[in-house]
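Peer 1: This is the structure I have questions about; it appears just below.
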Amino acid sequence: MKKVLFIDRDGTLIVEPPVTEQVDSFEQLEFLPRVIQNLSFIRHKLDYDFVIVSNQDGLGSPEYPLERFNAINDLMLRVFRTEGVEFDEVYFDPHRSSENHPNRKPGTGMLQKFIAGNGSEYDLAGSYVIGDRITDIQLAHNLGCKGILIAQNGSSDECREWLQESNLESDCALIAEGWDDIAAFLFAGDRRAEVTRTTKETDIHIALDLDGSGRCDISTGLGFFDHMLEQIGKHSGMDLTIHVKGDLNVDEHHTIEDTGIALGECIAKALGNKRGIGRYGFCLPMDDCLCQVALDFSGRPWLVWDAEFHREKVGDMPTEMFLHFFKSFSDAAKINLNIKAEGDNEHHKIEGIFKALARSLKMAINRDIHHFELPSSKGML
């Protein structure tokens with residue numbers, strides 16, 4: 001069965017004018033950054049039909065004549081065609097928003113041939129609607145596929161708020177910053193993972209998205225530990241949820257150790273086959289301190305620790321547990337981790353280490369789908 005990318009036009013393929021919201025002159029025709037390159041890549045590397053689905057308010061009216069629209073749209077299609085991007089179907093709905101016409105997105109009136117039960121040969125569950133508005137995600141829901149929302153009209157967090165308010169969060173597979181994100185998602189898949197680790201000492205749930213925006217929801221029962229784990233999410237760009245219930249009535253050891261193990265397992269799981277990643281990753285100053293974290297997703301765990309602490313605790317976290325956390329993390333993630341910190345302020349020193357780890361992770365997990373190879377001469381990591 002065929003899979004389809006239902007693609008909005010204005011704001012998704014070409015830039016939508018901020019005032020008129022309609023491209024009605026050749027001077028206004030501007031392509032979104034890297035859309036042509038990435039659509040060409042998707043067209044030649046993957047097996048999707050391309051279908052344009054767009055609302056064009058008042059198309060055919062005296063204010064928005066069909067002849068002018070066709071001339072500009074034909075030029076757009078010719079530009080795509082010269083780069084090997086062919087659209088299999090094109091659908092434009094002219095009805096104004098107040099009319100609530102079934103052909104108008106999020107209505108599916110124009111797309112009946114794709115819907116199961118109508119003799120359709122299309123795999124809608126494996127298809128996507130790509131657009132820049134909530135109506136595009138609503139269309140995905142109505143078609144029975146998933147949506148990809150381009151966040152150019154707001155931040156990723158704002159887009160998530162729109163989705164939550166509209167009860168459409170589960171219908172959106174990706175909030176993308178641009179077409180590089182979309183191509184990477186479609187070609188190599190998303191990099192999300194969840195790990196639940198339950199023992200007699202701790203109950204831990206971790207969920208992360210390596211290609212997120214740094215959102216964190218962290219609760220371990222240890223305030224300073226929460227603050228440090230938030231540095232990992234915020235400065236690596238991954239979305240990170242960590243919920244821990246540990247035997248803090250005994251002491252902090254099991255909570256910190258098991259969190260390190262579960263977090264390492266979750267990152268390793270999200271990385272998958274590691275194809276296209278940078279693999280290596282950072283030196284970071286923080287006030288009086290210089291913190292260096294170098295890592296390698298080699299598949300061979302090792303920790304080199306060169307940091308001394310002269311306080312028993314920082315906040316509610318024992319300083320002896322810092323080394324133990326990173327050892328547990330490196331073992332579970334199967335990474336070579338080299339950590340060094342110099343300075344006088346203990347808080348700055350450990351926070352600098354966590355931030356440097358996050359930045360090192362960001363470098364190492366960065367993925368290049370156009371060079372989608374395993375970064376190893378051995379042929380395995």
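Peer 1: Let me confirm something: among Asn273, Asn249, which residue is under 25 Å from the mean Cα position of the chain (by Cα), over 25 Å from Ser156 (Cβ atoms) and assigned to a loop (DSSP other than H, G, I, E, B)?
Peer 2: Details: Asn249 fails: under 25 Å from the mean Cα position of the chain (by Cα).
Every option except Asn273 fails the conditions.
Peer 1: Looking only at region 277-323, count every residue that is surrounded by 16 or more Cβ atoms within 10 Å (Cβ to Cβ) and in a helix (DSSP H, G or I) and tell me the total.
Peer 2: 2
Peer 1: Additional query: In region 136-193, how many residues are farther than 21 Å from Tyr122 by Cβ and not small (Gly, Ala, Ser)? Show your work before the answer.
Peer 2: Looking only at region 136-193, we keep the residues that are farther than 21 Å from Tyr122 by Cβ, and these are 149-170, 175-181, 183-184, 188, 190-193.
Now narrow it down to the ones that are not small (Gly, Ala, Ser): 149-150, 152-153, 157-165, 167-169, 175, 177, 179-181, 190-192.
Counting residues in region 136-193 that are farther than 21 Å from Tyr122 by Cβ and not small (Gly, Ala, Ser) gives 24.
Peer 1: Collect the residues in region 196-225 that are over 25 Å from Gly178 (Cα atoms) and hydroxyl-bearing (Ser, Thr, Tyr), keeping them in residue-number order.
Peer 2: Matches in region 196-225: Thr196, Thr198, Thr199, Thr202, Ser219, Thr220.
Peer 1: Among the residues of region 269-300, what is the count of those that are in contact with a Pro (Cβ under 8 Å, 6 or more places away or on another chain), among the charged types (D, E, K, R) and farther than 20 Å from Ala193 by Cβ?
Peer 2: So the count comes out to 0.
Peer 1: Related question: Count, please, the residues in region 22-53 that happen to be part of a strand (DSSP E or B) and either over 23 Å from the mean Cα position of the chain (by Cα) or outside the structural domain of Glu89 (by TED's automatic domain parsing) (or both). Quick ask: steps written out before the conclusion?
Peer 2: Pass one, region 22-53, residues part of a strand (DSSP E or B): 31, 48-53.
Right, trim to either over 23 Å from the mean Cα position of the chain (by Cα) or outside the structural domain of Glu89 (by TED's automatic domain parsing) (or both) and you get 49, 51-53.
Count: 4.
Peer 1: Return the total of residues in region 1-37 being exposed (fewer than 14 other Cβ atoms within 10 Å of the Cβ) and among the β-branched types (Val, Ile, Thr). Break it down into steps so the answer makes sense when it comes.
Peer 2: The first filter runs over region 1-37 and keeps only residues exposed (fewer than 14 other Cβ atoms within 10 Å of the Cβ), leaving 1, 18-21, 25-27, 30, 33.
Now restrict to residues that are among the β-branched types (Val, Ile, Thr): 19-20.
Selection size over region 1-37: 2.
Peer 1: Run down Ile256, Ile204, Ile261, Ile267 and say which single residue is hydrophobic (A, V, I, L, M, F, W, C), at pLDDT 95 or above, within 30 Å of Ile150 (Cβ to Cβ) and assigned by TED's automatic domain parsing to the domain that holds Val314.
Peer 2: Ile267
Peer 1: Let me ask something additional. Only one residue in Ile232, Ile256, Ile277, Ile261 is farther than 17 Å from Phe325 by Cβ, in contact with a Phe, Trp or Tyr (Cβ under 9 Å, 6 or more places away or on another chain) and not small (Gly, Ala, Ser), so which one is that? Full working, then the answer.
Peer 2: Working: Ile232 fails: farther than 17 Å from Phe325 by Cβ; Ile256 fails: farther than 17 Å from Phe325 by Cβ; Ile261 fails: farther than 17 Å from Phe325 by Cβ.
Only one candidate qualifies: Ile277.
Peer 1: Within region 214-224, how many residues turn out to be within 15 Å of Ala262 (Cα to Cα) and crowded, with 20+ Cβ neighbours inside 10 Å?
Peer 2: 1
Peer 1: Please work out which residue is surrounded by the fewest Cβ atoms within 10 Å (Cβ to Cβ), limiting yourself to region 366-381 and to residues that are of a type in the set (A, V, I, L, M, F, W, C) and either closer than 18 Å to Leu186 by Cβ or in contact with a strand residue (DSSP E or B) (Cβ under 6 Å, 6 or more places away or on another chain) (or both).
Peer 2: Taking region 366-381 and keeping what is of a type in the set (A, V, I, L, M, F, W, C), we get 369, 372, 374, 380-381.
Then keep just the ones that are either closer than 18 Å to Leu186 by Cβ or in contact with a strand residue (DSSP E or B) (Cβ under 6 Å, 6 or more places away or on another chain) (or both); that gives 369, 372.
Values: Ile369: 18, Phe372: 15.
Top of the filtered list is Phe372.
Peer 1: If you don't mind, another one. Scan region 147-200 for residues that are hydroxyl-bearing (Ser, Thr, Tyr) and under 21 Å from Glu16 (Cβ atoms) and jot them down.
Peer 2: Applying the first criterion (hydroxyl-bearing (Ser, Thr, Tyr)) to region 147-200 yields 155-156, 166, 170, 196, 198-199.
The answer is Ser155, Ser156, Ser166.
Peer 1: Specify which of the listed residues (Asp136, Asp211, Asp181, Asp157) is of a type outside the set (S, T, N, Q) and surrounded by fewer than 16 Cβ atoms within 10 Å (Cβ to Cβ).
Peer 2: Details: Asp136 fails: surrounded by fewer than 16 Cβ atoms within 10 Å (Cβ to Cβ); Asp211 fails: surrounded by fewer than 16 Cβ atoms within 10 Å (Cβ to Cβ); Asp181 fails: surrounded by fewer than 16 Cβ atoms within 10 Å (Cβ to Cβ).
The match here is Asp157.
Peer 1: If Thr196 satisfies all but one of (1) farther than 16 Å from Met238 by Cα; (2) touching a helix residue (DSSP H, G or I) at 6+ places or on another chain (Cβ under 7 Å); (3) at pLDDT 95 or above, what's the number of the condition it fails?
Peer 2: (2)
Peer 1: Just for strands (runs of 3 or more DSSP E) wholly inside region 87-185: which have at least 2 residues that are modelled with pLDDT of 95 or more? Walk me through it before giving the result.
Peer 2: Working: elements: 89-93, 128-131, 146-150, 172-176.
Once the strands (runs of 3 or more DSSP E) in region 87-185 are filtered for at least 2 residues that are modelled with pLDDT of 95 or more, what remains is 89-93, 128-131, 146-150.
Peer 1: Next question. Any chance you could count how many residues in region 321-352 are closer than 26 Å to Val195 by Cα and touching a helix residue (DSSP H, G or I) at 6+ places or on another chain (Cβ under 9 Å)?
Peer 2: Of the residues in region 321-352, the ones closer than 26 Å to Val195 by Cα are 321-339, 350-351.
With touching a helix residue (DSSP H, G or I) at 6+ places or on another chain (Cβ under 9 Å) added as a condition, the list becomes 321-322, 324-337, 339, 350-351.
Qualifying residue count, region 321-352: 19.
Peer 1: Give just the number: which of (1) assigned by TED's automatic domain parsing to the domain that holds Arg9; (2) surrounded by 15 or more Cβ atoms within 10 Å (Cβ to Cβ) does Asn167 not satisfy?
Peer 2: Looking at each condition in turn, Asn167 falls short on (2).
Peer 1: Something else about it: Quick check on this structure: which one of Lys327, Lys355 is buried (at least 17 other Cβ atoms within 10 Å of the Cβ), over 15 Å from Ile277 (Cβ atoms) and over 25 Å from the mean Cα position of the chain (by Cα)?
Peer 2: Values: Lys355 fails: over 25 Å from the mean Cα position of the chain (by Cα).
Exactly one residue qualifies, and that residue is Lys327.
The values are calculated or read from the model by the stated rules, or taken from the named source; none is laboratory data. As the structure is a prediction and not an experimental result, all values here were calculated from the model. As a convention, Cβ positions derive from the backbone with ideal geometry for all residues, glycine included, and neighbour counts pool all protein chains shown.
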